[in-house]
1. Tell me which residues, restricted to the range 8-25, are surrounded by 15 or more Cβ atoms within 10 Å (Cβ to Cβ) and either without any contact (Cβ under 8 Å) to a residue 40 or more places away in the chain or acidic (Asp, Glu) (or both).
2. Tell me which residues, restricted to the range 204-239, are polar (S, T, N, Q), in a loop (DSSP other than H, G, I, E, B) and buried (at least 23 other Cβ atoms within 10 Å of the Cβ).
3. In this structure, does Thr28 turn out to be surrounded by 20 or more Cβ atoms within 10 Å (Cβ to Cβ) and in a loop (DSSP other than H, G, I, E, B)?
4. Give the range 128-164 a look and list any residue that's in contact (Cβ under 8 Å) with a residue 24 or more places away in the chain, farther than 20 Å from Gln199 by Cβ, surrounded by fewer than 14 Cβ atoms within 10 Å (Cβ to Cβ) and of a type in the set (Asp, Glu), or say none.
5. Given (1) closer than 16 Å to His232 by Cα; (2) over 18 Å from the mean Cα position of the chain (by Cα); (3) assigned to a loop (DSSP other than H, G, I, E, B), where does Ile54 come up short, assuming only one miss?
6. Tell me, please, whether a residue that is out of contact with any His (no Cβ under 7 Å at 6 or more places or on another chain), under 20 Å from Thr123 (Cβ atoms) and not aliphatic (A, V, I, L, M) can be found in the range 67-79.
7. Across the range 73-117, what is the number of residues that are touching a helix residue (DSSP H, G or I) at 6+ places or on another chain (Cβ under 6 Å) and closer than 19 Å to Lys14 by Cβ?
8. For the range 128-151, what are the residues that are farther than 19 Å from Cys100 by Cα and either part of a strand (DSSP E or B) or not aliphatic (A, V, I, L, M) (or both)?
Amino acid sequence: MFYFDEINNKKILKSDLIENALFTTRETCIKSKDENLIPFTLQNREELKNYLKIQKLIYPNQTHSANIETADFYKDFYKETDALILTDKRLGIFLNFADCTPIVLFDKTQNIGAIAHAGWRGTVAKIGPKTALKMREDYGCKIEDISALIGPCISKCCFEVGFEVYEKLCESVNTPPAYPKSEKVFADLKEINRIQLEQVGIKNIDICPYCTVCDNDKFFSYRKENGTHNRHSAVLWLN
């Protein structure tokens, strides 16, 4: 179940399924290209590092790819990377969102986790299950030991898409498109990513109830805010 907590009286979102993960909010923003907000985000980042008791926070250059890398303490730039696997206790990782779907994966037995960025392109490319399978192939994680969080993103109520995108999303879960009678089509990224994760064997999944458009007072929305440069983040560290 998702619930709100605080760092230094600033709101964060957590889930009791994976306790070593969190989602920042407007109050705890750590990623922005807005020059007026950059000092605020840097302060929040330092506060977050202290809260997590880690040495470094790492994030990749996200480009809606299906590329997956492992975070390295001595590497600071990850080109065209939309999922990071975390194996080093000295590090925390974060990926950034403003409508796309955050997927957090964690194997408590191996103490290994990952974050994936699943916009509609990443969802079509199945970046969530591909990241889980890479955790199994590269680090010996058992799929049945992996838990997953599907974080705050644009919900079906607000995610109108074209028919071509809708068809591709349906095909990614082997579901024939069910076309509505109206001209508008709405896609459910949370549900599609849930099905994809279940199809590779992940059973423990917590789905965030918040919509970045409807709950824009808490999270950022690229659609509602006309291309905002601000992001909320999914953050993961190790026990």
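The values are calculated or read from the model by the stated rules, or taken from the named source; none is laboratory data. Please read these numbers as outputs of a predicted model, since none were measured by experiment. Glycine also receives a Cβ, built like all others from the backbone with ideal geometry; neighbour counts cover every protein chain displayed.
1. Within the range 8-25, Lys10, Ile12, Lys14 qualify.
2. Thr212, Ser221 - these are the residues of the range 204-239 that are polar (S, T, N, Q), in a loop (DSSP other than H, G, I, E, B) and buried (at least 23 other Cβ atoms within 10 Å of the Cβ).
3. yes
4. Asp138
5. Here Ile54 meets the rest and fails (1).
6. Start the filter on the range 67-79 by keeping residues that are out of contact with any His (no Cβ under 7 Å at 6 or more places or on another chain), which leaves 67-79.
Okay, now just the ones that are also under 20 Å from Thr123 (Cβ atoms), so 67-69.
Then drop every residue that is not not aliphatic (A, V, I, L, M), which leaves 67, 69.
Scanning the range 67-79 turns up at least one residue that is out of contact with any His (no Cβ under 7 Å at 6 or more places or on another chain), under 20 Å from Thr123 (Cβ atoms) and not aliphatic (A, V, I, L, M).
7. Adding up the residues that qualify gives 7.
8. Of the residues in the range 128-151, the ones farther than 19 Å from Cys100 by Cα are 133-147.
Residues satisfying the conditions are Lys134, Arg136, Glu137, Asp138, Tyr139, Gly140, Cys141, Lys142, Glu144, Asp145, Ile146, Ser147.
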